[in-house]
1. Calculate the length of the line joining the C-alpha centroid of segment 30-90 to that of segment 243-267, in whole Å.
2. What ratio of Cα Rg to 2.2 N^0.38 Å holds for the chain?
3. How about segment 568-661: which GluC sites (Glu not before Pro) there lie in a loop by DSSP and see at most 13 other Cβ atoms within 10 Å?
4. Using 7 Å Cα-to-Cβ label points, what is the Ser606/Arg236 separation (nm, one decimal)?
5. Students often check this: by mean Cβ neighbours within 10 Å, which of 464-476, 251-263 ranks highest, and how do the rest follow?
6. Which value, in Å², gives the accessible area per residue of segment 115-264 when a 1.4 Å probe is used on the protein heavy atoms?
7. Pull up all non-local amide H partners of Thr359: gap of 5 or more, or a different chain, and H-to-H distance under 5 Å with H placed in the peptide plane.
8. Taking just the alpha-carbon atoms of segment 306-367, what radius of gyration and Dmax come out, in angstrom?
Amino acid sequence: TQIGQNPDMAEAFRLANKAMQLQYKWNSEQQDDRPLIWRPFQLGFILLTAVSVADPNHHDRSIMDLLWFPTGGGKTEAYLALIAFLSFYRRFSANGNPDNGDGVTAVMRYTLRLLTTQQFNRASSMILACEAIRRGVTGGSNRIADLGNSPFSIGLWVGGDATPNNFKDAMQSLQGDAGISSPKQLADCPSCKNRLKWYADKKTSSIHVRCDNPECILHEGKTPLPVFTVDDDIYRKRPTLLIGTVDKFAQIVRKKEINTLFSISSGHPPDLIVQDELHLISGPLGTLAGLYEVAIDRMFTHEDIRPKIIGSTATIRRAIEQVRALFNRDACQFPPSAIDAGDSGFAVRDSDAPGKLYTGVTTVGRSAKFTLQAVAASLLQSASGNLTPEGRNHYGTLVSYFNSLRELGGALVLMQDDVNDSIALHAEQRDENRRIIELTEELTSRRTQEEIRDMLDVMAINADKDGSPDVVLATNMMSVGVDIPRLGLMIVNGQPKGISEYIQATGRVGRGHVPGLVVTVLNNAKPRDRSHYESFVSGHSTLYRDVEPTSVTPFASRARDRALHAVLVALVRHLIPGMLDDPPALSPEIMLEIEAIIDGIIARASWVDLEETAVGKELHDLLDKWESRNPKYYWLYWKPKESLLQDAERAAAMRALGRLTGSAWPTMNNLRSVEPSTRFRIAPKLKNPDAEGDGHGHK
């Protein structure tokens with residue numbers, strides 16, 4: 001009713017649906033023109049949140065809406081539609097000038113590189129569909145003229161190991177330097193599927209990408225597509241949708257460009273933050289993310305209007321407490337709990353649809369390695385036997401999940417040697433043609449960002465085509481973000497540490513039109529694995545009930561030691577006029593404004609955790625040290641004595657050398673740098689010049 005009574009909202013809603021239909025048409029594997037059919041829970045969630053996303057004064061604006069739905073259910077489409085709706089609405093409601101509604105409209109945050117990569121591909125299709133509508137190449141609309149001249153755009157804002165941070169590195173990468181991360185994070189055109197052309201424009205110091213297919217609706221001569229993957233371009237262009245990792249937001253302390261990127265001092269800050277896979281924001285990462293969120297929330301607040309936050313997850317427990325600790329908000333879980341676990345009112349358990357079959361195998365009487373290779377060989381040979389072509393496509397690739405890189409490294413040798421020998425024995429016993437294992441791939445953190453992106457394409461290749469992998473060895477990188485419907489077969493080598501991780505990892509198979517088969521190999525020598533095997537049937541009957549609650553304590557003492565100063569500096573730098581470039585002397589006027597910021601942090605800490613009462617004292621101690629030092633710079637690497645902050649890794653290296661680190665506050669450059677690393681080298685032998693010889697020329 002509220003949307004229907006507001007013409008701008010109604011038209012934005014219609015265009016968002018059109019954009020999602022176009023995106024679905026581009027991405028659909030179907031050859032016909034069947035439209036996207038919205039599922040009841042998607043419509044319910046969109047209608048529940050749309051008005052509070054668009055209307056800054058809505059009473060639900062400060063509530064975090066959490067979309068809880070099983071893996072593969074379609075959560076991504078729900079919040080992509082919300083982003084499209086908000087993007088159009090900001091243009092329509094921009095006080096007569098649609099271009100006043102450009103800039104970063106929504107932020108999508110993830111925790112893992114693989115998840116970010118695949119979601120970037122899906123979100124790029126949606127944003128480019130919005131851009132096609134703005135340009136009027138998809139059909140008529142009497143409101144297209146109201147969408148302005150600024151294109152709808154998307155940016156990928158992640159660490160330097162994944163994408164280049166500056167134009168110089170990006171240009172070197174495009175010229176063939178394999179040691180630098182690549183800006184080419186979108187390989188094919190979402191519309192025509194032709195290969196995209198990435199190139200460096202030296203005149204504007206920008207990296208551009210375009211589709212050279214003149215028949216494609218996204219082709220517009222030599223005008224590049226509004227897709228940005230280099231930090232310099234992102235700061236300059238301020239994309240409509242910004243996709244990034246949680247880690248990257250540690251840069252709010254260092255980079256003054258972030259003030260312009262998010263329109264903090266002037267303009268319109270982002271209206272929406274999407275936190276996907278909320279259950280992953282836990283432990284040390286969640287604790288530091290919750291502390292930095294104090295600064296991010298305040299920086300995105302404009303005229304006392306906070307941004308809307310929505311989240312999604314398939315596995316979470318005690319979500320209300322986690323949301324309060326992370327975002328200082330009440331939470332509304334959707335769909336809400338119902339009387340019948342099989343009927344939430346928006347979704348029912350479909351007993352006729354393909355699901356997943358879990359099978360447990362114990363290593364009793366055999367070694368763990370022998371059992372693993374025997375099970376793998378049997379499954380691989382069976383997948384090439386008397387199956388339909390569709391069955392061979394779904395079960396032809398065996399995904400092997402490991403809890404650590406060490407275990408995976410040993411399995412790589414098994415797949416190349418012992419598994420082939422066992423396959424030959426199985427084929428002879430069954431009187432079948434022997435399957436030859438030709439391609440074994442790896443999906444782990446040892447892969448570069450570009451290799452990971454290519455690996456997703458490789459796994460999607462049908463089993464009857466060249467290049468399709470026989471085996472994919474993966475770690476927890478596989479547990480989120482991999483949405484490949486053809487995968488149907490998985491081995492889990494040892495019970496993962498958490499039930500949530502187990503559900504997420506095994507949820508990557510069986511997402512197509514055939515049941516998924518998961519074989520869990522449990523080591524009898526490990527008490528935990530043995531316990532899971534003994535309760536295998538009952539445990540899997542109530543799998544979601546045993547999901548562990550997450551732990552987030554943003555104002556704990558050790559978290560304050562590492563990052564409380566960063567929160568204070570970020571807020572002072574971005575919110576107080578005249579403090580953005582270099583810190584001036586703290587005048588009485590500035591001190592009053594800093595005191596107001598400190599009061600806000602204290603109030604948030606008391607609401608999140610009443611037991612942490614030392615926050616105020618520590619903040620005032622930090623302020624006293626800042627005033628007494630009177631630094632000339634916030635962060636200048638070669639002048640640490642004159643800087644307020646210094647790199648935490650540098651400080652760790654100095655301590656390791658037995659040298660003083662100075663008075664500058666060690667500050668993390670990455671939220672995963674909870675413990676600074678120290679370089680070491682392995683010496684071929686130890687030298688002792690005082691040792692006596694042993695008569696054989698040795699000491």
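The values are calculated or read from the model by the stated rules, or taken from the named source; none is laboratory data. Note that the structure is a prediction, hence the values are computed from the model and not measured. Positions of Cβ are backbone-derived with ideal geometry, glycine not excepted, and every protein chain shown enters the neighbour counts. These accessible areas exclude ligands, DNA and RNA; they are computed on the full protein's heavy atoms, side chains included. Shrake-Rupley method; radii C 1.70, N 1.55, O 1.52, S 1.80 Å.
1. For segment 30-90 versus segment 243-267, the Cα centre distance is 25 Å.
2. Working: Rg = 27.2 Å, N = 699, 2.2 N^0.38 = 26.5 Å.
Taking N as the residue count of the chain, the ratio is 1.02.
3. For GluC sites (Glu not before Pro) across segment 568-661 that sit outside H, G, I, E and B with at most 13 neighbouring Cβ atoms in 10 Å, the list reads Glu611.
4. 4.8
5. Values: 464-476: 17.9, 251-263: 19.7.
The densest-packed peptide leads the list: 251-263, 464-476.
6. Numbers: 5590 Å² over 150 residues.
Each residue of segment 115-264 exposes 37 Å² on average to a 1.4 Å probe.
7. HN-HN under 5 Å from Thr359: Val518, Val519, Thr520.
8. Answer for segment 306-367, Rg first and Dmax second: 18.5, 60 Å.
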